[in-house]
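The values are calculated or read from the model by the stated rules, or taken from the named source; none is laboratory data. Quick caveat, the model's predicted, so the values are computed rather than measured. All Cβ positions, even for glycine, are placed from backbone atoms using ideal geometry, and neighbour counts span all protein chains on display. All accessible areas refer to the heavy atoms of the entire protein, side chains included, with ligands and DNA or RNA removed. Shrake-Rupley method; radii C 1.70, N 1.55, O 1.52, S 1.80 Å.
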Amino acid sequence: MSKEPVAVVGIGQTKHVAARRDVSLAGLTREAARRALQDAELTWADIDAVVIGKAPDFFEGVMMPELYLADALGAVGKPMLRVHTAGSVGGSTALVAANLVAARVHGTVLTLAFEKQSESNAMWGLSLPIPFQQPLLAGAGGFFAPHIRAYMRRSGAPETIGALVAHKDRRNALKNPYAHLHEHDITLDKVMASPMLWDPIRYSETCPSSDGACAMILTDRVGAARAPRPPAWMLGGAMRSEPTLFAGKDFVSPKAGQDCAADVYRQAGITDPRREIDGAEIYVPFSWYEPMWLENLGFAGDGEGWKLTEAGVTELDGDLPVNMSGGVLSANPIGASGMIRFAEAALQVRGQAGEHQVDGARRVLGHAYGGGSQFFSMWLVGDRPPDS
């Protein structure tokens, strides 16, 4: 039996900020869920199941919050499932929900991801000891900076590339009302002049710590026919993982990421992603990961990704816009960051991205990664069903 086509008919986000002290975790998640329901013109009663995800619990100090979120998310008496794959969890959560619809287990599913980083300290929570190494790491940047240096050596990329990405994404964020960072006076010189945190990563080339949530309503063909607005259709979706450390691991371009992208493209019938995909929301917590992931995802050859950035290809009005919403560099509620990439891709093909809309976007990729570049989740959405 063939899979049921999966449609995105409702999307809701909170305004991502440094601290939402006016709401609890329950209030934060319910805000995003209600906005998704309103977008789909549905009620809690229309939801068959709820799938949620977030980053590690110690980021907030609240263990297993899903146990008390059922009431806030209309899940009392209904199936509720939590997903966890580190930083990629927002994307993985959406894919688990989509698979429930595709397998005809449920007709309409609410999926939601969230984080309230202000209630803990994720930077020091991520400062984990690495066996047989000196304890010199401070946050995720300390882990990823050597991999960026490896990419620079391998590709010959000039040191200005990271600043170009950050400048682009922060300007894009000014067109996105939900983005955390709205730096109206941002200039390339200001990015270049910002303090060096983890060589070669500057302060302005890093993601913020955000409070926020994102929700989507996924449904089958029958539900999509009732939707008040054109839906986004999932053309392909996949997850892959690999260990954090193993002999021969390529931290610059992990095989799990390559395999995940290849699976998505196969499902969607994509043979030339650079030409057949109209934009991408890519998980870029540190600016240098834009060119690195462009290569990993097959948009550029090895060592060529930075040339797309430098040439302006990834600008909002470029040939392959990347992170039109401002990306993770402009809003990073970690548990939700991957789902925001998926949701923003869906907004693009629905024509609902507002000021950061890409004209004529018909196929857009959403991407998330997590852990030590080990967990990957991606989907490709389009403006038409996969069998049309």
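Could you check the stretch 31-46 and list, in sequence order, the residues that are of a type in the set (A, V, I, L, M) and either assigned to a strand (DSSP E or B) or more than 21 Å from PRO230 (Cβ to Cβ) (or both)?
Keep residues of the stretch 31-46 that are of a type in the set (A, V, I, L, M), which gives 32-33, 36-37, 40, 42, 45.
Within the stretch 31-46, ALA32, ALA33, ALA45 meet the criteria.
Which of the residues belonging to the stretch 1-30 are part of a loop (DSSP other than H, G, I, E, B), touching a residue at least 60 places away in the same chain (Cβ under 8 Å) and of a type in the set (A, V, I, L, M, F, W, C)? Before you say what the answer is, go through the steps one by one.
Step one: of the stretch 1-30, the residues part of a loop (DSSP other than H, G, I, E, B) are 1-6, 14-16, 18-24.
Filter again for touching a residue at least 60 places away in the same chain (Cβ under 8 Å), leaving 3-6, 14-16, 18-21.
Matches in the stretch 1-30: VAL6, ALA18, ALA19.
Residues in the stretch 275-283: is at least one out of contact with any helix residue (DSSP H, G or I) (no Cβ under 9 Å at 6 or more places or on another chain) and assigned to a helix (DSSP H, G or I)?
There is at least one residue in the stretch 275-283 that is out of contact with any helix residue (DSSP H, G or I) (no Cβ under 9 Å at 6 or more places or on another chain) and assigned to a helix (DSSP H, G or I).
Residue under question is GLU344, and the condition is that it be among the acidic types (Asp, Glu), closer than 30 Å to SER120 by Cα and at pLDDT 95 or above; does it hold? It would help to see each step written out before you state the result.
Values: among the acidic types (Asp, Glu): yes; closer than 30 Å to SER120 by Cα: yes; at pLDDT 95 or above: yes.
Spelling it out, GLU344 is indeed among the acidic types (Asp, Glu), closer than 30 Å to SER120 by Cα and at pLDDT 95 or above.
For the stretch 56-99, which residues satisfy the criterion of being open to solvent by 30 Å² or more (accessible area, probe 1.4 Å), in a helix (DSSP H, G or I) and either of a type in the set (Ser, Thr, Tyr) or closer than 18 Å to ILE217 by Cβ (or both)?
TYR68, VAL96, ASN99
Scan the stretch 226-254 residue by residue and report those that are within 19 Å of PHE143 (Cβ to Cβ) and either of a type in the set (A, V, I, L, M) or free of Cβ contacts under 8 Å to residues at least 24 places away in the same chain (or both).
Initially, the stretch 226-254 is screened for residues within 19 Å of PHE143 (Cβ to Cβ), giving 241-254.
Scanning the stretch 226-254 gives LEU245, PHE246, ALA247, GLY248, LYS249, ASP250, VAL252.
Could you give me the residue pairs with C-beta distances under 8 Å whose first residue belongs to the stretch 192-209 and is within 17 Å of TYR289 (Cβ to Cβ), whose second residue is of a type in the set (Lys, Arg) and open to solvent by 80 Å² or more (accessible area, probe 1.4 Å) wherever it lies, and which are 6+ apart or on separate chains?
SER204/LYS190
Do you know which residues across the stretch 12-28 are surrounded by fewer than 22 Cβ atoms within 10 Å (Cβ to Cβ), more than 13 Å from VAL62 (Cβ to Cβ) and out of contact with any Pro (no Cβ under 8 Å at 6 or more places or on another chain)?
VAL17, ALA19, ARG21, ASP22, VAL23, GLY27
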